[in-house]
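Since every read-out is calculated from the coordinates, none of them should be taken as a lab result. The shown structure was predicted, so the numbers you read here are calculated from the model rather than taken from an experiment. Every residue, glycine as well, gets a Cβ built from its backbone with ideal geometry; the counts of neighbours run over all protein chains shown.
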Amino acid sequence: MAPADGRAAATGSRQALIPVHNEGADTDTDADAGEDGGADTDSCTTSMAVVTDIDATLTTSDLEWVYQIAVPTYDAAMRPEANVLMQDYAALGYEIFYITARGEGMSLLDGTSSRDATAAWLVDHGFPFNPDNLFLAAGLGTWGNSAASYKTGILEGLEAIGWRFIYAYGNSDTDIEAFLSIDMAPENVFLVGDLAGTLGVSPVTDEDAYAQHIADHMPDVPEATCAEE
């Protein structure tokens, strides 16, 4: 697990980073933390993780989110077995982080916040989910160079508190820019969809996302271990 003070360190270090916190959530970390608020000395002080974009990476298209905003009952289409892929990583001990350019200040037409709608979709589709691991952009969202900077800032903040990102999934050049900016191995960075086969990272075509990718890739993924200091 991450250090007990990780949430505050990550969310407070970047203006663009939105704190992830549910009102009324249990914040008692005494059982897991030492007197200084850090991780227990008998446990890992760093952890291995997977990071993924959502729109057109876990869903089939960026338009799925647009449809859901306009028709709140709409169930955004998921790429086949995207949930199974993340479940498989979680079963091997990896923590799953979701970093989306969706805006914290956006709401569906029925008033549901983008955070609540995004969390509900992940849970309803069986993705491993910890509300502290879901990050949305400020305001109405971000795109282009701003999206790359925003995602890089979150990743750097999470690395600063002990997380090590081993595998990453995205569909855009800005996703890949953010992943490579923290020196992830290009072979462990997966570019999904139309841009697959470009940008010098591992491709996952629409046809392979994700049943074939799971069959080809997951047998070679090792269990997560404590990272060496």
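Calculated FRET efficiency, C226 to T205, Cβ-Cβ distance, R0 = 41 Å: about 0.75 to the nearest 0.05. Counting only the backbone N, which residues of the stretch 171-186 are under 11 Å from the spot 7 Å out from the Cα of E156 toward its beta-carbon? Under cut-off, by backbone N: 181-182.
Direction-averaged shadow area of the convex hull around the Cα atoms of the stretch 46-220, nm²? Numbers along the way, then the final one.
Details: hull surface 36.4 nm².
Approximately 9.1 nm², given one-decimal rounding.
Among bridges DSSP assigns within the stretch 46-220, what percent are antiparallel (round to 5)?
Numbers: 3 of 22 bridges.
Percentage antiparallel, nearest 5: 15.
How long is the gain from T112 to E187 if the chain were fully straight, where each residue apart is worth 0.36 nm and the alpha carbon distance is subtracted? Show your work: numbers first, answer last.
Details: separation 75, 0.36 × 75 = 27.00 nm, distance 3.80 nm.
Here the answer is 23.2 nm.
The ranking of L85, L155 by Cβ neighbour count inside 10 Å, starting from the fewest, reads L155, L85.
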